[in-house]
Amino acid sequence: MPRTKEAFEAMRETTRQKIEAAALSLFARKGLAVTVDEIARAAGLSKGLLYNHYPSKEALIAELVRQATDTSNRNFKEATHNNEPVFVKIQQVSSKMCQMFSNQPIGIDYFMFMVQVGMSSFQVPKAAQNAEDLPNPIEGLAHIIAQGQTEGSVVNGDALQLSIIYWATFQGLCCYAITGMPLSIDPKMLSRILLKESYL
């Protein structure tokens, strides 16, 4: 019996997901120098079939950047675009980040993939960049830190530097977790970088 259009589209989507999952894992661990041959092999597909879905490795990278950016923006917005006190917003960001180590390992792959993109010469398409009303995580957190310092819940210091230290700490934890080592982090330990003891 011939496949229906719906069945055909479902098969295409399944194949795309296999390609994206294989590429994301490889890029996160080995960098953007990973070849199309390696991605196809990891996905269990032929190189020709991969090219049927993505005309180039750069197109695949651009799609993964879009996905990573959308996910990051959504998570950060959910944790910070509310009327809660700043210390609660920071606790929520830390909680979301630490959840990756226990039940959202793909989040670690996305995070490390974006680190690899940042260290490369890859030109991120405008469509995949942060929206104008939502700055990148470092700038966004720095703004919240400055508000928290006025509020009295955040430690003193340059807000941008504190934000960089916070995200660099999380990056280091991701580097550890991506090796396959089990990792369970209490969100309070991450929040302690920014919050005064009485607000933890």
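The values are calculated or read from the model by the stated rules, or taken from the named source; none is laboratory data. Fair warning: this is a prediction, and the values are worked out from it, not measured in the lab. Because the Cβ atoms are built from the backbone with ideal geometry, glycine has one as well, and the counts that use them run over all protein chains shown.
Residue count for region 180-198, restricted to those that are part of a loop (DSSP other than H, G, I, E, B), within 22 Å of the chain's Cα centre (by Cα) and of a type outside the set (A, V, I, L, M): 5.
In region 123-143, the residue that is modelled with the lowest pLDDT out of those that are part of a helix (DSSP H, G or I), surrounded by 16 or more Cβ atoms within 10 Å (Cβ to Cβ) and aliphatic (A, V, I, L, M) is Ala128. The number of residues in region 24-60 that are of a type in the set (Val, Ile, Thr) and at pLDDT below 95 comes to 0.
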